[in-house]
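Input: a single structure, listed below in structure tokens.
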């Protein structure tokens, strides 16, 4: 089955935020390179519109902006960060996630920096021990029964999914346990499943930079708060292989489907954070975890219980769900009996196999610094350099063409609110009024704001009357009221 045939949808809006690592050999350092890339993306308003207003104390005007593909690019604590648009199916999520990589590569080539600067989609700085994230976002209906039992069951799943979602890494980190403490490099003589596990301190918490948790409890729906909430996850690794990306997001979405109908299997770990870290440090297995009732059991068997519940409720619902369930089922079977069958599909298994081959060929030990360099190259965003994508073996339904990825750099999804926001942004580019843009609201000086509170709606009914009001307002502008960056020549 071709990917284009997957036209049915998940039951929720999803999106990813990727903070890119930056490698450079220029004297100016990575931050200047990141700023130049940001300025190139927005400089001629080809790809999007720069923010002309303060979004927060750490996001001044010019720090970033929204893209015509419905996504967003900005600088976050020195990192280039790309957010996908709101996506309603897994194939869209995959192509818009890759669009961020392509945009970064285009910028480096256009600026003549591709020989000096490169971006990687990983989560750790091997030198400083710092971490940067891949944040997952899932719309959850406000009516979802968030009982203690359901939250603890979801926490169990989010902990155990590490077995097929980890990106893998060389070495360990003695992460900060409280605000003000500095992370320190740990042992280098090992390989672990997850890049983020060493940095996760709590099971539930609201902060994203200190006391990082498996479930972030901040309630910021970016939509109608009466109907929606947003599950914001930051414990997961940035995925390279398409199968890992879509297993991570797709299976989590299925668990939220079960939660919303109150059918999540009631499985509770004794200590989710300890389990998360311990599993990460045991790539060889056995993956035995302790439950809250004191019993010990196999982690894959517990994941199978979540899979069985999803299969029972949702198999046959639509084509995309069936493909996801088939891939998930075969992945769990391979984890139990033949993990090497997942080379090219699961990041950490693929990376570990690759690095083991490299160790054998070069006669190295796991603490050799060369291994960390190869670790980074696995995550390169340029497909001509990525060691991970060179081994990519996606399921046929998730094997997309270069043309599909290229189109996603400029075009938004046509079935979510990203379509409406992009449509308005093109109008703003044409007339250059003072504006402010956010995920769920667009403001133009002198007229009422346009509220986009339903992320499922690509053509909200309010947009027609807003366009009429906008057309009347621009007649009062004798000239553009903000300089067009296309005219400045800034790049």
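The values are calculated or read from the model by the stated rules, or taken from the named source; none is laboratory data. Here the structure is a predicted model, which is why all the values come from computation and not from measurement. All Cβ positions, glycine included, derive from the backbone under ideal geometry; neighbour counts span all protein chains shown.
Numerical summary
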quantity	calculated
Options 96, 82; residue that is touching a helix residue (DSSP H, G or I) at 6+ places or on another chain (Cβ under 6 Å), touching a residue at least 60 places away in the same chain (Cβ under 8 Å), crowded, with 24+ Cβ neighbours inside 10 Å and part of a helix (DSSP H, G or I)	96
Members of the range 193-214 found to be under 18 Å from the mean Cα position of the chain (by Cα), at pLDDT below 90 and not in a loop (DSSP other than H, G, I, E, B), listed by number	213, 214
Qualifying residue in the range 366-386 (condition: out of contact with any strand residue (DSSP E or B) (no Cβ under 9 Å at 6 or more places or on another chain), surrounded by fewer than 16 Cβ atoms within 10 Å (Cβ to Cβ) and not in a helix (DSSP H, G or I))	yes
Selection status of residue 432, modelled with pLDDT under 95, crowded, with 17+ Cβ neighbours inside 10 Å and within 25 Å of residue 52 (Cα to Cα)	yes
Of all residues in the range 55-74 being over 19 Å from the mean Cα position of the chain (by Cα) and part of a strand (DSSP E or B), the one that is modelled with the highest pLDDT	59
Residue count, the range 318-349 (criterion: touching a residue at least 12 places away in the same chain (Cβ under 8 Å), at negative phi and assigned to a loop (DSSP other than H, G, I, E, B))	4
Positions within the range 267-296 being outside any loop (DSSP other than H, G, I, E, B) and under 15 Å from residue 335 (Cα atoms), in sequence order	279, 280, 288
Residue under evaluation residue 38, criteria (1) at pLDDT below 95; (2) out of contact with any helix residue (DSSP H, G or I) (no Cβ under 7 Å at 6 or more places or on another chain); (3) under 28 Å from residue 403 (Cα atoms), criterion not met	(1)
Flag if residue 231 is outside any strand (DSSP E or B), surrounded by 21 or more Cβ atoms within 10 Å (Cβ to Cβ) and at pLDDT 95 or above	no
Single match in 157, 132, 119 (criterion: buried (at least 19 other Cβ atoms within 10 Å of the Cβ), in contact with a helix residue (DSSP H, G or I) (Cβ under 8 Å, 6 or more places away or on another chain) and within 30 Å of residue 284 (Cα to Cα))	157
Matching residues, the range 24-46, being outside any helix (DSSP H, G or I) and either surrounded by fewer than 17 Cβ atoms within 10 Å (Cβ to Cβ) or touching a strand residue (DSSP E or B) at 6+ places or on another chain (Cβ under 7 Å) (or both)	24, 25, 26, 27, 28, 29, 44, 46
Residue match in the range 150-160 (condition: closer than 21 Å to residue 235 by Cβ, more than 22 Å from the chain's Cα centre (by Cα) and assigned to a loop (DSSP other than H, G, I, E, B))	no
Selection count where residues are part of a loop (DSSP other than H, G, I, E, B) and at pLDDT below 95, scope the range 161-185	11
Positions within the range 450-461 being surrounded by 14 or more Cβ atoms within 10 Å (Cβ to Cβ) and either modelled with pLDDT under 95 or assigned to a loop (DSSP other than H, G, I, E, B) (or both), in sequence order	452, 453, 454, 455, 456, 457, 458, 460
When residues of the range 435-449 are limited to those that are part of a loop (DSSP other than H, G, I, E, B) and within 24 Å of the chain's Cα centre (by Cα), the one surrounded by the fewest Cβ atoms within 10 Å (Cβ to Cβ)	438
Flag for residue 269 being over 29 Å from residue 391 (Cβ atoms), touching a strand residue (DSSP E or B) at 6+ places or on another chain (Cβ under 7 Å), in contact (Cβ under 8 Å) with a residue 24 or more places away in the chain and buried (at least 18 other Cβ atoms within 10 Å of the Cβ)	yes
Cβ-Cβ under 8 Å pairs, at least 6 apart or on other chains, the range 291-312 side at negative phi and in contact (Cβ under 8 Å) with a residue 12 or more places away in the chain, far side loosely packed, with under 15 Cβ neighbours inside 10 Å and part of a strand (DSSP E or B)	291/297; 298/288; 299/288
Residue 420 vs. criteria crowded, with 20+ Cβ neighbours inside 10 Å, in contact with a helix residue (DSSP H, G or I) (Cβ under 9 Å, 6 or more places away or on another chain) and assigned to a helix (DSSP H, G or I)	yes
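One line per residue, one yes/no per condition, for (1) more than 18 Å from the chain's Cα centre (by Cα); (2) more than 30 Å from residue 450 (Cβ to Cβ); (3) buried (at least 21 other Cβ atoms within 10 Å of the Cβ); (4) free of Cβ contacts under 8 Å to residues at least 12 places away in the same chain:
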position	(1), (2), (3), (4)
219	yes, no, no, yes
236	no, yes, yes, no
246	no, yes, yes, no
260	yes, no, no, no
265	yes, yes, no, no
274	yes, yes, no, yes
